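To start, the structure itself, in structure tokens.
The values are calculated or read from the model by the stated rules, or taken from the named source; none is laboratory data. This structure is a prediction, so every number in the text was calculated from the model and none was measured. Here the Cβ positions follow ideal geometry from the backbone for every residue, glycine too, while neighbour counts run over all protein chains shown. In case anyone asks, the SASA skips ligands and DNA or RNA and just uses the protein heavy atoms, side chains included. Shrake-Rupley method; radii C 1.70, N 1.55, O 1.52, S 1.80 Å.
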Amino acid sequence: MNDLLQTIKPVTLMGPGPSCVPDSVLKALSRPTLGHLDPDFIQIMDAIKHQLKTLLHTRNALTLPISGTGSAGMECCFVNLIEKDDPVLILINGVFGQRMQDVATRLDADVDILEFDWGTPVIVDAVQKQLSKKSYKLVAVVHAETSTGVMNPVSDIGSLIKDKDTLFLVDAVTSFGGTQIFMDHWGIDVLYSGTQKCLSCPPGLSPVSFSPAAVAALQARTTKVPNWYLDLSLIMNYWEGAARAYHHTAPINMLYGLYQTLSLILEEGEARIFERHMEAHHLLVRELDLLGLRMQVDASCRLPMLNAVRIPEGVDDVEIRNRLLKEHKIEIGGGLGPLAGKIWRIGLMGHTARPENVEKLIQALKTILPPSQGPLM
Ligand SMILES: Cc1ncc(COP(=O)(O)O)c(C=O)c1O
């Protein structure tokens with residue numbers, strides 16, 4: 001094997017993604033590559049669709065992984081559903097809500113936003129008020145805002161939209177696999193995720209799911225989907241039906257990895273997995289507290305899989321992260337946007353969400369953090 005690959009040493013991935021990948025998933029990635037129309041491969045594609053539907057608790061026939069990372073999933077959802085001047089409401093309380101606004105604006109949609117303080121959740125009453133003033137083709141929100149560590153009240157927002165002629169779009173990039181999602185029950189019409197967070201597969205695929213109402217909206221378009229690669233009306237012909245039509249060459253081995261990781265999740269069981277995330281999160285919060293480190297987000301809306309921790313005054317953000325990586329082979333993330341330099345983002349996603357990883361990080365922080373760092377915030 002090439003020198004550069006030989007020198008790679010495992011890192012405990014405790015940042016905002018990617019997360020640690022189980023050995024059996026890495027092995028799955030290295031299985032022999034098949035042709036993208038090979039019947040054995042098509043069997044795997046069908047199994048993946050079934051696994052995704054089971055874990056998202058949806059009956060949506062149009063449920064499949066898009067080739068590309070979470071951002072490709074985001075782009076795919078907007079590009080298929082939005083036409084020029086379509087009224088869209090985006091709920092923003094972090095970087096990824098802002099990114100949805102950017103994507104929708106590039107499509108010349110009529111974009112309204114409701115902004116909430118970063119580090120706090122979307123306020124449902126404010127959404128209700130806005131919906132009583134104007135009707136929208138689509139309302140979009142990020143379930144788990146990775147930039148701040150906040151869980152948004154998706155099911156409550158969904159219940160405001162259920163009886164309206166409005167599509168509800170949810171970014172589940174960080175939430176899927178780490179906390180419950182009841183897509184149909186919560187009234188979610190469109191959802192995208194990514195493989196590298198709580199699904200613990202390397203980055204490269206983005207599961208998406210479209211409800212019958214979302215498919216009807218796609219079919220009712222008066223203009224062509226402006227992006228050929230992400231046009232679901234074409235991609236569908238490869239993922240569905242007896243005869244599969246070539247669209248683009250599927251990332252075969254990545255799909256083996258996804259199939260394996262979803263199999264592991266189903267084997268362990270959702271309830272146990274969500275419990276494991278909560279246990280690791282509570283352990284981390286307790287241990288950080290003993291070190292004098294405080295959480296950025298109120299306990300009522302904290303993500304278990306992405307912990308935003310205030311950096312104590314006088315402590316050098318980048319130096320600590322560099323030393324964790326260099327000396328202890330642990331990766332954690334820094335803050336984004338207005339929270340850059342103010343928080344660390346500690347991921348406990350998927351396979352990473354285990355007490356031994358929390359202990360390892362805490363031991364490393366004990367050796368790195370200055371013994372006396374002035375008043376902790
Ligand atoms: C909530 C959320 N949405 C979208 C994305 C974009 O995903 P990717 O970086 O895989 O393209 C991310 C990535 O961190 C995310 O956390």
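Anything in segment 177-197 that is under 17 Å from residue 74 (Cβ atoms) and either open to solvent by 10 Å² or more (accessible area, probe 1.4 Å) or more than 10 Å from the ligand (Cβ to nearest atom) (or both)? List them, or say none.
181, 183, 188, 189, 190, 191, 196, 197, listed by residue number.
Take segment 137-162 and flag every residue that is open to solvent by 10 Å² or more (accessible area, probe 1.4 Å), away from the ligand (no atom under 16 Å from the Cβ) and farther than 12 Å from residue 186 by Cα.
The answer is 137, and nothing else.
Residues in segment 29-42 that are touching a residue at least 60 places away in the same chain (Cβ under 8 Å) and either of a type in the set (Asp, Glu) or surrounded by 22 or more Cβ atoms within 10 Å (Cβ to Cβ) (or both): how many?
Adding up the residues that qualify gives 0.
Where residues in segment 132-180 are among the charged types (D, E, K, R) and without any contact (Cβ under 8 Å) to a residue 24 or more places away in the chain, which of them is nearest to residue 95 (Cα to Cα)? Explain how you work it out, then say what you get.
Going residue by residue through segment 132-180, those that are among the charged types (D, E, K, R) are 133-134, 137, 145, 156, 162-165, 171.
Next, from what is left, pick out any that are without any contact (Cβ under 8 Å) to a residue 24 or more places away in the chain: 133, 163.
Numbers: 133: 26, 163: 29 Å.
Step by step, filter segment 132-180, then rank; the result is 133.
Quick check on my filter: what residues within segment 44-86 are crowded, with 19+ Cβ neighbours inside 10 Å, away from the ligand (no atom under 15 Å from the Cβ) and polar (S, T, N, Q)?
51, 58, 60, 63, 80 - these are the residues of segment 44-86 that are crowded, with 19+ Cβ neighbours inside 10 Å, away from the ligand (no atom under 15 Å from the Cβ) and polar (S, T, N, Q).
Under the condition of being away from the ligand (no atom under 16 Å from the Cβ) and under 24 Å from the mean Cα position of the chain (by Cα), which residue from segment 198-216 is farthest from residue 254 (Cα to Cα)?
Among those that are away from the ligand (no atom under 16 Å from the Cβ) and under 24 Å from the mean Cα position of the chain (by Cα), it is 213.
Keeping to segment 280-330, report how many residues are touching a helix residue (DSSP H, G or I) at 6+ places or on another chain (Cβ under 7 Å) and of a type in the set (D, E, K, R).
2
Please work out if residue 283 is in a helix (DSSP H, G or I), open to solvent by 20 Å² or more (accessible area, probe 1.4 Å) and without any contact (Cβ under 8 Å) to a residue 40 or more places away in the chain.
Taking the combined requirement at face value, the residue does not satisfy it.
Given (1) within 19 Å of residue 78 (Cβ to Cβ); (2) more than 13 Å from the ligand (Cβ to nearest atom), where does residue 174 come up short, assuming only one miss?
Of the numbered conditions (1) within 19 Å of residue 78 (Cβ to Cβ); (2) more than 13 Å from the ligand (Cβ to nearest atom), the odd one out for residue 174 is (2).
Take the conditions open to solvent by 20 Å² or more (accessible area, probe 1.4 Å), part of a loop (DSSP other than H, G, I, E, B) and either within 13 Å of the ligand (Cβ to nearest atom) or under 18 Å from residue 136 (Cα atoms) (or both) and apply them to residue 112. Does it pass?
Details: open to solvent by 20 Å² or more (accessible area, probe 1.4 Å): yes; part of a loop (DSSP other than H, G, I, E, B): no; either within 13 Å of the ligand (Cβ to nearest atom) or under 18 Å from residue 136 (Cα atoms) (or both): yes.
No; evaluated as a whole, the condition is false for this residue.
Given the criterion in contact with a Ser or Thr (Cβ under 6 Å, 6 or more places away or on another chain), of a type in the set (Lys, Arg) and more than 22 Å from residue 298 (Cα to Cα), identify the matching residue among 197, 164.
Details: 164 fails: in contact with a Ser or Thr (Cβ under 6 Å, 6 or more places away or on another chain).
Residue meeting the stated conditions: 197.
For segment 1-48, how many residues meet the condition of being touching a Lys or Arg at 6+ places or on another chain (Cβ under 7 Å) and of a type in the set (S, T, N, Q)?
2
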